[in-house]
Amino acid sequence: MDRAELTTDQVLKRDIPWETYMTTKLITGTCLQLLRRYDNRSESQRAVLLDDDGPAYVRVFVSILRDIFKEETVEYVLALIDEMLTANPKRAKLFHDKLLWKGNWFVQEKSCKILALIVSARPKTQDGVLSNGESSNSKKKFVTIDDVLRGLVEWLCAQLKKPSHPTRGIAIAISCLATLLKEPLVRSSFVQADGVKLLIPLISPASTQQSIQLLYETCLCVWLLSYYEPAIEYLATSRTLPRLVEVVKSSTKEKVVRVVVLTLKNLLSKGAFGAQMVDLGLLQIVQSLKAQAWSDEDLMEALNQLDEGLKANIKKLSSFDKYKQEVLLGHLDWTPVHKDPMFWRDNISNFEENDFQILRVLITILDTSSDPRALAVACFDLSQFIQYHPAGRVIVNDLKAKERVMKLMNHENAEVTKNSLLCIQRLFLGAKYASFLQA
């Protein structure tokens, strides 16, 4: 059988030749006695043994992983550990050593899952060193928890980029990250490894039970990252927010809705997120969610807070603030302000801020965007600036916009052609005469 397809139940049915290992001195007589008592017992019987003598069994398991290299045995012990931790995750506190990773996918998957649980439940030490059971004068090199975590993050990112297993690689990586991202070092290592961008494609509406669980754990990762400023900076410049909004809009699974709403609540006050949420119509979605019958009181409280925060944000944002966010994000569309004469008359001097930053971004959009709508709106806005600013023609010429706009006059999209022509007319002929021609 392909080892990538092994299940825990299949592995636990094996007969392991413990007596042979004792004969070859790979395990001690005490280890053999403990293993005979534990092997092939029911879960309830094993639970009693672990309650009575948990640390001794952990020492046995770890010594086997350290000293025995036969794949079937390593898989068997990892399956035992996985079973005991799945039954009671608090047993992870019994471990204080690093598990060794070996070869095939079953071993990688179990090691990763177990190591994540062990690290997350570890006792915090002042010096950050993982005790390995050696005496203080041992010459063996100590392994710090930082080393363990960095190595684990590196492996998890590798799985997200190029999974070792076609269906389980990404799932186990996300599951472990959902456990570990509460650790400050894991958050910083994950961001430094450019891991945040690997999460974004996984944030999309799900239908099957397996994909719903993956979506939930991915959103849980984003929620944990929403407490970490460097991660927030990356989330702000990616497509994270629209994807989260789409998920919360379409999901019916309460735990998914809950974690996304809590994430949005965290991000609301950060940078431009509030304005983006307003533009994405999140307020209407939140009000729709509030009308549904949720059993989770925390979810209802978070929805109320998000509702109040979005309403406050709408009051705070002026029309120019919203326009500025739209331009800076490059998400140009025919929102009402673009063709509102009062908006341009009242705010034309604001375009002078930061050395005409808004105009420079509009011109950059002409160079870089492949979206016909964004190109058309950018051309139109430049023509509006020429019309309403006393020195509009001179400023736009000085910013070298003419060449960019002229290139778009032969664009395949009629909307782009029309608005680039209007901009060039106002640039060459003056606003009054160009407007007369348009009429």
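Miscellaneous remarks
- In order through region 374-390: 3J(HN,Hα) via Karplus (6.51 cos²θ - 1.76 cosθ + 1.60), integer Hz, x for Gly, Pro: 4, 5, 5, 5, 4, 4, 5, 5, 5, 5, 5, 4, 4, 5, 9, 9, x
- Surface analysis of region 252-388 yields an accessible area of 46 Å² per residue, using protein heavy atoms and a 1.4 Å probe.
- Largest accessible area first, the residues D15, D333, D296 order themselves as D15, D333, D296 under a 1.4 Å probe with ligands, DNA and RNA left out.
- For region 311-391, projected area of the alpha-carbon convex hull averaged over all directions, nm²: 5.5 nm²
- The residues of region 1-89 expose, per residue, 53 Å² of accessible area to a 1.4 Å probe.
- Surface listing: R14, R404, R66 arranged by accessible area from highest to lowest gives R66, R404, R14, probe 1.4 Å.
- Residue by residue, region 355-366 carries 3J(HN,Hα) couplings of 6, 6, 4, 4, 4, 5, 5, 4, 5, 4, 4, 4 Hz when phi is fed to the Karplus relation 6.51 cos²θ - 1.76 cosθ + 1.60 (θ = phi - 60°); x denotes Gly or Pro.
- Net length available on complete extension from E83 to N397 is 106.0 nm, with 0.36 nm assigned per residue and the Cα-Cα distance removed.
- Size descriptors for region 361-423: radius of gyration and Dmax over Cα atoms are 10.6, 33 Å.
- In terms of distances greater than 31 angstrom between alpha carbons, the cross-link table entries K182/K324; K316/K402; K162/K255; K162/K322; K265/K339 yield K182/K324; K316/K402; K162/K322; K265/K339.
- Accessible surface comparison of S44, S175, probe 1.4 Å, protein chains only, largest first: the order is S44, S175.
- Pair-distance profile P(r), taking every C-alpha pair of region 200-272, with 5 angstrom steps and integer %: 3, 18, 32, 26, 14, 6, 1
- Estimated D of region 252-297 in µm² per second, where Rh is the Kirkwood radius over Cα pairs and Stokes-Einstein applies at 25 °C, 0.890 mPa s: 215 µm²/s
- Rg [Å, one decimal], Dmax [Å, integer] - region 274-412, C-alpha atoms: 18.7, 62
The values are calculated or read from the model by the stated rules, or taken from the named source; none is laboratory data. Values in this document were obtained by computation on a predicted structure and should not be read as measured data. These accessible areas exclude ligands, DNA and RNA; they are computed on the full protein's heavy atoms, side chains included. Shrake-Rupley method; radii C 1.70, N 1.55, O 1.52, S 1.80 Å.
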